[in-house]
Each structure stands twice: as structure tokens, then as C-alpha cells.
Amino acid sequence: MENLLSIAIFLPLLGAILVGIVRNEKFSKVVSLSISSVVFFIMLYLFLNFNWSAQGFQYLTKLNWIPSLGISYHVGVDGMAISLLLMTSLVFVSAFLWSLKIEDRPNLYFALFLALETACLGVFSALDLFLFYLFWEGMLIPMYFIIGLWGHDRKVYAANKFFVYTFFGSVFLLLGLASIVAYGYIMTGTISFDYTFHMAFSYPMLLQIAGFLLFGLGFAVKIPMWPVHTWLPDAHVEAPTAGSMVLAAVLLKMGTYGFVRYSLTLFPDASKYLIPLIFFLSLVAIIYTAMMAIAQTHIKRLIAYSSISHMGVVTLGTFAMDLNALNGAIYMMIAHGLSSAALFMSAGFIYDRVHSYHMDDLGGLARYVPKLAVLFMISGLAGIGFPGLAGFVAEFLVFLGTYKNFPVWAFIAGVGVVLSAVYFLYMYKRVMFEEETLSEYRLEKWKHLKDLELHHMLSFILIIVSAFIMGLYPYPFVKIIEHTSRYVLGG
Amino acid sequence: MEGLVVLLSPLIAFLIIGFFGSRIGDMASAVLCILGGLFSFIFSLWATSKAISQPFSIKLYDFLPMENYTISLGLYFDPLSSITASVVTFVATLIFIYSVGYMSNLFGQWTFKFYAYLSLFLFAMLLIVLSDNLLGIFFGWEGVGLASYLLIGYFHTQKKASNASLEAFTLNRIGDWFFLFGIIATFYLFGSLSILDIFGKVSEVDKALLGLACLLLFGGAVGKSGQLPLHTWLPNAMAGPTPVSALLHAATMVAAGVYMVARLYPMFENAPQSLKVVALVGGITALFAGLSATSHTDIKKIIAFSTMSQLGLMFLALGLGDKMSAMFHLTTHAFFKALLFLSAGSIIHAFHHHVHDIYETGGLKRYMPITYGSFLVGALALAGIFPLSGFWSKDLIVATAYEVSFFWGVLVSVVSFLTAYYIFREGFVMFHGKEHFRHEHKEEPHESPGVMTIPMVVLGVMAVVAGFFEGWYGGILGVKKELHIGIAILSVLVGLAGIGVAYLVYVRGLIDPQKAYEALKPLHTTFKEQFFTERLYHKVLAGGYLFYSKILYMTAERQLIDGLVNATHPVVRGAGSVLRLLQAGKLNLYALFMAFGFLALLFITILWR
Amino acid sequence: MTIEKAYLLISIFLFLSGLLGVIIRKNLITLLISTELMLNGVNLALVSVDRLVGGIEGQVFALFILAVAASEVAVGLGLIVALFRLKGYEGSSEITHLRE
């Protein structure tokens, strides 16, 4: 039972291989759904059994892999990782539920998603730098094909942009990894990619800054931070719904996860030194992308920009050097994972029914798809940090923590609260309300729209119930997250 | 546990209606909603009786662990909160009953949503009133904001309603932004968010920082109560159904700002500088809204401006250090303002929801006697005529204002005069005068059904008698105030003067209003346009924000950042085509490169030594 | 300057002029001759350095190189003639088959 974590990581990959061999549509769907559910329940079990008062990583597994280079298969979780793993597995269950009715090459689709799940789970649980990088890059390949094969009109452009952009960032990440491994070799004479081995070091300032910038560029592209963010709207616009869900909910979190896991712990002094830079970029992300969001007429592009804006809050909280703010930042990763997945589901559903993402083609839908209208509203409220939903706890903690040392920055960042409400409700109004401005022709079309089906409802409910639980009773979640924040800030 | 019922019964009603409303039907939803309010009212009366002798609190659960402190949610019943809760639930229940009649023509069109929203609103409002900590208040604060958004935009098929709801939520959110940071600032001052902890330590903390926290908190109150400069949403919120205007935008939700300042009054008292700001904002808003009300002709908007103006008076009283009279005015105001709105709704209902301008009605006295009586009682109470409730509460504010300074006293008197004038102007035009509706509507308007008039009569009774509880209310809050005969007579005279002017103009026809407006056109337009603030906000601020966002998107985002990114493609391609020439298969060139390479190696070996 | 050094200078001169020929000339036969020139430059260098340090390996190498160069010239000349016959090439710049 002690290898439960590894089983959960590689079960989806096994499923992908099975799906690839059998190539039966029904089988693919059953296998993907059941495997992702099993993974979710394993993660839930691990989450519930997680000991938040103990120190260090838990559920560790370590196997020698390439001993001559000091590379091992080393996985384990802390509070942040287990929370993110739980969220990831939940989003995948929901994504599979959502895609049950897909018709275009379903076997390949499910196989790619299963492979993607392994890579995502691997990134969050790897404790070996090499293993981490392997999963980090491995995730690109299925995602590239998901966007490139099932996307919309400009899918190839978007897929290429996504791949090249993130790969560009990864190169710097690799360089950073190599430089700290080389430093470790020079200092101790042993070559090791192990994370815990490197945590014990305190690097000289120059290396810290260089390492921080190299790692940081890799993570910043993935988050994405302003100004290396332009791949995200394009990727989202072209990606299929489930792809967007995973992209927004999980892939973006890898960057912020990397900041907390690697940048803050390995380069603490450089992190402190570069706070102004990060804060500036975060504030620009929060305010500038909120402005970008309101200028959009494309639903998914708007949601994509809102994601960037929320990631700005995460980076703000991460580098505020305060326990509450860091808790809030990690909380925001999970909360945003849930809310953005739900928002993309809503957008995707509208596209499935109306075949357009453009707000000019929409309007007055509320009366014709009432279930969607309610769920869309709740997802949006989760996104804009409405109390009672997960986003609020996160924003509150981030602003509270940031206010302690940087009151002015925090206050300015708080304007995001207002702006996010404005762009979301403005979009909601244009999609759902104002029926009287619509032409007869479109109203006639609306009358035949079918509301959410059962599998859509299930996948919505999974996400939204979780958002409510996290918003109404954050106590255990924050306690578990604090397990990470304490050692990150204390060490 | 009984205290919890106060809070939970609307929540349960909301959940049942929300999940099963489409199955159980609209009527059953309405009944559930009313029952939720009723239970809440009964138990809050019980809680009041208990809290007057001994305040008590109920801890709910640990909400959020922080570094050295755990925020837990809970309820706190003291005289202030429990009496306010009783008033809120009482007015709300009556309005719920009224709405069954008002919305009857919409039954069968998913009206259960309306009752779900109303229940949600009541729950959130009670959360504000009863929470024992600032975070709980913020929960309710945003909750009423959401309920207000949903209810203003209830007729969401109309462009007007959905725009108004968006505006309301946005301006509320700006207030919430300040409020959130007020909470955070308070947390760092006191190390706790519990109201009781804050009251215990309030005199020990730094005055300047306390003032800052108070101002931020007050920013939230400004947003919620529609005070300057976050006021434009309140008149536009009248796009919602009338019961909503009565409940949210007159009696309860907009009063949340006043209540919050009163709730946290020890904080404000210890930072006197912040109280000056409160008084200033309140006074200016009272005058501003009073002036704007004189020029509007929309049935509901006049009352909405009146609400703004009265809330301004309450803030003024709070700012001048008189918490009791502000809270007492809030209570009586809840009764008579709800009454006025319900009467207005009754008129709108009589015209099948097609009439919204006072000049499209007229002479309704004959057709709708109960509505006329209710409106008259409400208007007299609002004008502060002895012995109705408005007289008692407004008199306290007038007295306080004159005590503090002559300037504030005159301001309050002017506002009182304007109040009496505009509300009676509306009353005279609608109930007396010519029957302007004859052109449009063939059938004669008729009195509303009993389900609507009974709540109006009950509220009317309350609007008359509530004032007599002044001594009792003051006693509970521990304030004793004497009635100043001179000031009382003065304020009644001012009120009568306002009524007299309205009477002379609109009944006697001493001056033709139309001609007067023509003569004073610039002034009239200024008042009607709310001193052009609405236009400024809509066109310049909101429009400008949208416009510059689009410009920024087209230039900075598309051209600059994305342009640079996309430029990498031709750059790489260009570099490739240049480098490709080197691999042209020219033997001689390769030989040259080999020679260069050899030379380089040679140099390196030589230099290395 | 000793005689060995003079020989070395001549060998460098031979090598460089061969290199120059390889780089700037296009005719295949000339290229072959130029490489021979370079080889002989190297040979001369080997022998003269041998003389300088009093060894024997250089002379052995030089003999080897002569033998190899002879066979190389035979094969190379054959290839060039075959190329000329089959494709009509005579310049090095015409041999770009692999590029396309």
C-alpha cells in the first residue's frame, strides 16, 4: 500500500496503452472514466490520511534509476502537492465525463488524455529534478496533439505556438537545473538530481539570482506571467473544451507550483531580492489582463485572460514572504483550477449548442438553457472570488498576507476584485441577458436548444460542489497547505 | 440553538426553492419563502427578548486558520443586532406576502426564482446583522450584493434591467474592495476579527491607523448605501420589481451601510477624524439626493432618491456622534419607506406594470383609496409630521445637528423641507389632479387585492406607531434624549412648509410647474441629471475604461507583445535562409571552413600555453 | 637559420599554396593536384623534422604517405574521369547532388 502514489501516477499511462491496443470506443470511455475515478479516490484517500502536523514529505517512494548520474525515481508529496493532485485528478474525472459524447477519433483522444494525466500527476509528485523535468516536458506532447487535432479553426497555429513557447521556457529551466546540479557536483563531488539533496544547499547570491531567473523564465511562461502570456489565449481559443479545462486547471498550476516548490526553497535570498520585479509583473498581470479581458468578444479568450489575471494574484501571494499570503496563493491555485474548469465547461457547452464563441452571436440564452445559466453564474462567482466559494478564501488570504509587508501593493492589487467582477458580469450579460435586443431568427434557433445533459451536469456538480466545500469550510485545506508554507518560508 | 433558526430558516427556504422550485411550483415557493421569513421573525423576537437582558453569542465553526489566529464564524445577539434583525424580518415577511399579489401575473414563468433570490437576500442580510465578526459581515455584505444584482436584473430580457444590475454590482464591488481592505487593516490593528475582541481593545490601538481602517470600512458602507460618490446605481436599481425596491433598496440592504457603521461604532468613535468624513459624505448626499428628487418624474426613482437622502441623514447623525438616532431613524425609515414603495408598486400593478411616470397617472384618489391612505401615511411620516414615526426619529437628528453646529442644523432643515416637498409633489400629482392615464388606458385602475393591501395597512400602522417606542429604544441602547420643543416645532413647520408649497403648485396650480421648469431649465436639468454624475460615470469612466481597454488590446497586446512573439518566426526563418547558404555543397567553401577551423584550433593550442 | 628550418618553411609554403588551390580553384583535376601539393608539403615537413630531432618514424610515415597518395591519385583520377564521362562535370561546384 505504500506505493499507492506511484500506482496512481502510472495507472492512467497503463490505461492509455490499453486504450491504444484495444481501440474500441466504448472500452476507451469506460476505461478512462473508471481509471480516472480510481485515481481520484486514491488521491482522496491519500489526502484524508495526510498528516498535516508532521514534517517533510509523505508517501515517499525512492528507486535507483540511473545511479551513475544520481537520477532516481523519487516521488512523494507535501501539503501543497497532495492538494493539487486531488484537484488534478478531480478535474480529469470531470473532463472525461464531459467528453463522453465525443465522436472524432475517440480512442486516440482518450489515450492522449490518460497519458496527459500521468504527466500532470507526475509533475506534482516528483522529488527528483530529472524526473520532474521529464514529466514537465512529457506533458507537452499529448497537449500538443489535443490542441492540434481536436481544436478549432486555427488549431495548428495555436498548437505550434503553445509548443514552441513553452519549450522555449523549458530550455531555460533545463539550464537552471543543470547549473544547480553542476554546483552540487563541484561542492560535494556527488552528482545528484534529488530535490531533498539540493534543498540542503545555500547557494551563493550570484548563482541564486541566475538560477532564479532561469527557473523563473521556465515557470513564468507556463503560468503565464505578463509579458510571456500570449500563447495562452490562443491555445485556449483553439483547444477543445476538455483540453481547455486541463490546460487552465492543471497546466497553469505547474508554473506557480514550480515557483513555490523550487524557486522559493532553492533560491530564498534571490526570491527576496527580486520581489519588486515579481510584484510589478503580478500587478501588471492583474490589472492589464483584466483590461484585456473586458475588451474581448470571444468567451474563451476572455476566460483565458481572466486566468492570467488570477495567476497574477498567485504570484503576488507567493512572493509576499508571508505565511498567510503563501497559503492564499496555493489555495488560489486549487480554487482557480476549479473555477476555470467550470467556466471553460460553460463556454464549451455554449459552443457545442450554438457553434459560436462570439458574444455578438449570443445573448438572451438564460431562458433557454436555464441550468447552464445557473451553473455558469456560479462558476463565474467562484472565479471572481465570491464569499462562500473557494476563490474568496484565496483572495482574502493573499491580500491579507501581502498587506502585512506591502500594504500599497496589496491595495492596488485589490482592484482586481472589482475588475474581475466587471468583466465577468459584462460577459455574462452579453451571453445570457438582453433577450429583447435579439433578432427573431436567433430566438427561433434558441428555442430548439437542448439544456445540459446528465454527464454534463455530473461533471459540473463535481467541480462546483468542491468549490463550495472549499469556500465554506476551508479549515482542513488551509491546514494541509500550511504544511508546505511553513517549511518553504521557514527554511 | 434557537438563535440559529433566525439565520437558517431563510437559507433552508432558499435551498428548497432553489433545488425543487420548478417542481413544487411558484405558489408553493412563495409560501415557503414567506414561512422562512415568518419563522425568522418569530425567533428573532424571541432572541430580542433574551438579548435585551443579556447579550449572547453562538459559535458556529472554525472557518479559517491563520498564522496565530483562527477565524471562526458565529452569531452575536445584542439589543442592536436583534432589534434590527426583528425589523428586517418583519418588513421582509410583509413584503414577501405583498409580492405574491404583485408578481401574480408572472406566475408560471419561473417566478420561483424570485422567491429563491428573496430568501437568499434575507439570509445574507441577517448574516450582516447577526455576525459576530467582520468576515461574517463581509459574507453577508457580498451576499446581499449578489441578491441585489439578481433581483435588479430579474427582468433580464430587458437591456435596461441588465445594465442596471451590472452597474449595481460594479459599484457595490468598488465599495467591497474598500471594505475588504478595511477588514484587513482592522485585523492587523487588533489581531482579531471578532467584534467583541475589537471593542475590548479599541482604545489601545494607534489612532491614525484606526482612522484609516475606519475610512476603508466606511468606503464599503458608501457603496452599499448608495452614498456619494458611489450612488448612481441606486436610482437605476429601480428597474427591478417593486417589492425588491421596497425590501432591498429602501428598507434593508441599503441600510446595511448605516448598520455596519453603527455596529462598529466604538471603532469610529475612537477615530474622530473618520467621523467627520462620515458626516460630510452623509450631509452632502442628503442634500444632493433631495435636490435630484425634486426634478424626477419616475414614480420609483423619486422614492429612491428620497432613500438616498434619508440614508445620508443617518450617516450625518452617525458622523455627528449620535448612533441612537441614526439607528432609530433607520428602523422607522424601514417601515415608512417600505410603505411608500409598496403604495407605488400598488399603482404600477393597477396599470399592469406599464406606467412608470407620475405624469401618466393622476386622480387616483377615487379609484385606490387604501393605496392613497397608505401613501399619505408614508409621506407624512417621511416629511416628519407629528405624531407619525418619522417625526420622532427625524427630530432626534435635527436636534443633534443643531447641537453640533448651526450649519448642520440648517442643512438638515433644508433637506427636510425638500423631502416634504418632493414626496408630496409625487403624491399630489398621482392621487389628485387630472387623470392623465385616460389616453393610454381604457379601463379604470382598481384597488389592489387583499394580499397586497394587508401588508400595506400593517406597515402603515407601524409607520404611525413606531415613533412612540423612541424612549424604549433609547433606553435599550443606553441613550437618553430629551425632546426639544423648539426644534420639534421648527421641524414640523419646515415639513408643513414643504407640503404647502407642493400643495400650492400641484393642486392649486398657483405656478404652472411646466413653465417653472422651462424658466429654470439649467437648474432643472442639473438636478435631473444628478449633477451629471451619472453621465460622467457611464460615458467617461465606464465608457473610457472599455474604450481604452480595447485600444490597449489592439495595440499593446496584439501589435507589440504578440507582434514580437510572432516576429520570432520570420526572424528564425530569415536566419535559417542565410545559414543555409553555408551548406550549399560547395567543396571549396568546405575546404575554407576546414582551414579556418584548423587555424582556430591552432590559435587555441598556442594561446593555451 | 638552419637548413632544416628552411626546409620547414618550404613545406609550409607548399602546404599553404596547396590549400589555396583547394579553396579557390574549381577544376577537379587542379583540386587533385593541389591536394597532392599539400600532401607533399606535409611529407617534406615530416622528413625535415625527423632530421631535426634525429628520429626515423617521420621518414617511415613519409614513405607510407607516398604509397597511399599514389593509390589515392589513381582512385581519385578514376573517379573524376568517370564523373566527367557520366555527367559531364568538370568543376567542383557542379557536384551538388546531395544538397537537393
Here are some conditions: (1) modelled with pLDDT of 85 or more; (2) not in a helix (DSSP H, G or I). Residue B:18 meets all but one. Which one does it not meet?
(2)
Being more than 8 Å from every other protein chain (Cβ to nearest Cβ), out of contact with any Asp or Glu (no Cβ under 6 Å at 6 or more places or on another chain) and in a helix (DSSP H, G or I) narrows it down to one residue among A:391, A:401; which is it?
A:391
Looking for something among the basic types (Lys, Arg), more than 17 Å from the chain's Cα centre (by Cα) and more than 14 Å from every other protein chain (Cβ to nearest Cβ) - is there at least one such residue anywhere in the range C:1-9?
yes
Test for residue A:391: is it without any contact (Cβ under 8 Å) to a residue 60 or more places away in the chain and in contact with a Gly (Cβ under 8 Å, 6 or more places away or on another chain)
no
Mind checking whether some residue in the range B:571-591 is within 30 Å of residue A:284 (Cα to Cα) and surrounded by fewer than 12 Cβ atoms within 10 Å (Cβ to Cβ)?
yes
Do you know which of the residues in the range A:307-329 that are within 13 Å of another protein chain (Cβ to nearest Cβ), of a type in the set (S, T, N, Q) and under 17 Å from the mean Cα position of the chain (by Cα) is farthest from residue A:428 (Cα to Cα)?
A:327
Would it be correct to say that residue A:461 is of a type in the set (Val, Ile, Thr), part of a helix (DSSP H, G or I) and either without any contact (Cβ under 8 Å) to a residue 24 or more places away in the chain or more than 11 Å from chain B (Cβ to nearest Cβ) (or both)?
yes
Looking at A:421, A:382, can you tell me which residue is buried (at least 24 other Cβ atoms within 10 Å of the Cβ) and in contact with a Lys or Arg (Cβ under 8 Å, 6 or more places away or on another chain)?
A:421
In the range B:142-195, anything among the aromatic types (Phe, Trp, Tyr) and more than 8 Å from chain A (Cβ to nearest Cβ) is listed as B:154, B:155, B:178, B:179, B:190
Filter the range B:107-125 for residues that are within 14 Å of chain A (Cβ to nearest Cβ) and hydroxyl-bearing (Ser, Thr, Tyr) and give the result.
B:111, B:117
If residue B:402 satisfies all but one of (1) without any contact (Cβ under 8 Å) to a residue 24 or more places away in the chain; (2) surrounded by fewer than 24 Cβ atoms within 10 Å (Cβ to Cβ); (3) part of a helix (DSSP H, G or I), what's the number of the condition it fails?
(1)
Any residue that is under 26 Å from residue B:213 (Cβ atoms), more than 14 Å from every other protein chain (Cβ to nearest Cβ), at pLDDT 85 or above and assigned to a helix (DSSP H, G or I) - is there at least one of those in the range B:83-90?
yes
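Yes or no, residue by residue, for (1) modelled with pLDDT of 85 or more; (2) over 22 Å from residue A:377 (Cα atoms); (3) surrounded by fewer than 19 Cβ atoms within 10 Å (Cβ to Cβ); (4) in contact with a helix residue (DSSP H, G or I) (Cβ under 6 Å, 6 or more places away or on another chain):
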residue	(1), (2), (3), (4)
A:427	yes, no, no, yes
A:435	no, no, no, no
A:442	no, yes, yes, no
A:450	no, no, yes, no
A:461	yes, no, yes, no
A:469	yes, no, yes, no
Assess whether residue A:408 counts as being of a type in the set (Val, Ile, Thr) and either out of contact with any strand residue (DSSP E or B) (no Cβ under 8 Å at 6 or more places or on another chain) or more than 7 Å from chain B (Cβ to nearest Cβ) (or both).
yes
With within 14 Å of chain B (Cβ to nearest Cβ), touching a strand residue (DSSP E or B) at 6+ places or on another chain (Cβ under 7 Å) and modelled with pLDDT under 90 as the only criterion, which of C:100, C:94, C:90 stands out?
C:90
Please note which helices (runs of 4 or more DSSP H) are completely contained in the range B:502-609 and include at least 1 residues that are within 14 Å of chain A (Cβ to nearest Cβ) and at pLDDT 80 or above.
B:543-552, B:562-580
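The rows are residues; the columns are (1) surrounded by fewer than 21 Cβ atoms within 10 Å (Cβ to Cβ); (2) part of a helix (DSSP H, G or I).
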| residue | (1), (2) |
| --- | --- |
| A:17 | yes, yes |
| A:32 | no, yes |
| A:37 | yes, yes |
| A:41 | yes, yes |
| A:45 | yes, yes |
| A:52 | yes, no |
| A:61 | yes, no |
| A:81 | no, yes |
| A:96 | no, yes |
Could you say whether any residue in the range C:51-60 is under 27 Å from residue C:78 (Cβ atoms), surrounded by fewer than 14 Cβ atoms within 10 Å (Cβ to Cβ) and modelled with pLDDT under 90?
no
Are any of the residues in the range B:536-548 of a type outside the set (Phe, Trp, Tyr) and under 29 Å from residue B:321 (Cβ atoms)?
no
Determine which single condition residue A:349 fails, assuming it passes every other condition in (1) crowded, with 24+ Cβ neighbours inside 10 Å; (2) touching a Leu at 6+ places or on another chain (Cβ under 8 Å); (3) away from chain B (no Cβ under 14 Å).
(1)
If I filter the range B:57-71 down to residues being assigned to a strand (DSSP E or B) and at the interface with chain A (Cβ under 9 Å from one of its Cβ atoms), which single residue comes out as surrounded by the most Cβ atoms within 10 Å (Cβ to Cβ)?
B:64
Output the number of the condition that residue A:338 fails; it satisfies all remaining conditions of (1) surrounded by fewer than 24 Cβ atoms within 10 Å (Cβ to Cβ); (2) more than 11 Å from every other protein chain (Cβ to nearest Cβ).
(1)
Out of the residues in the range B:211-235 meeting the condition of being out of contact with any Gly (no Cβ under 9 Å at 6 or more places or on another chain) and surrounded by fewer than 23 Cβ atoms within 10 Å (Cβ to Cβ), tell me which one is modelled with the lowest pLDDT.
B:229
Just for the range A:227-280: of the residues that are among the charged types (D, E, K, R) and more than 14 Å from every other protein chain (Cβ to nearest Cβ), which one is farthest from residue A:152 (Cα to Cα)?
A:269
Can you report the number of residues in the range A:353-388 which are out of contact with any strand residue (DSSP E or B) (no Cβ under 9 Å at 6 or more places or on another chain) and assigned to a loop (DSSP other than H, G, I, E, B)?
12
If you go through A:79, A:70, the only one that is in contact with a Phe, Trp or Tyr (Cβ under 7 Å, 6 or more places away or on another chain) and within 27 Å of residue A:247 (Cα to Cα) is A:79
Restricting to the range B:351-395, what's the tally of residues that are within 28 Å of residue B:155 (Cα to Cα), among the small types (Gly, Ala, Ser) and crowded, with 22+ Cβ neighbours inside 10 Å?
2
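The values are calculated or read from the model by the stated rules, or taken from the named source; none is laboratory data. Predicted model only: the values in this text are computed from it and were never measured. Quick reminder, even Gly has a Cβ in these numbers, built from the backbone with ideal geometry, and neighbours come from all protein chains shown.
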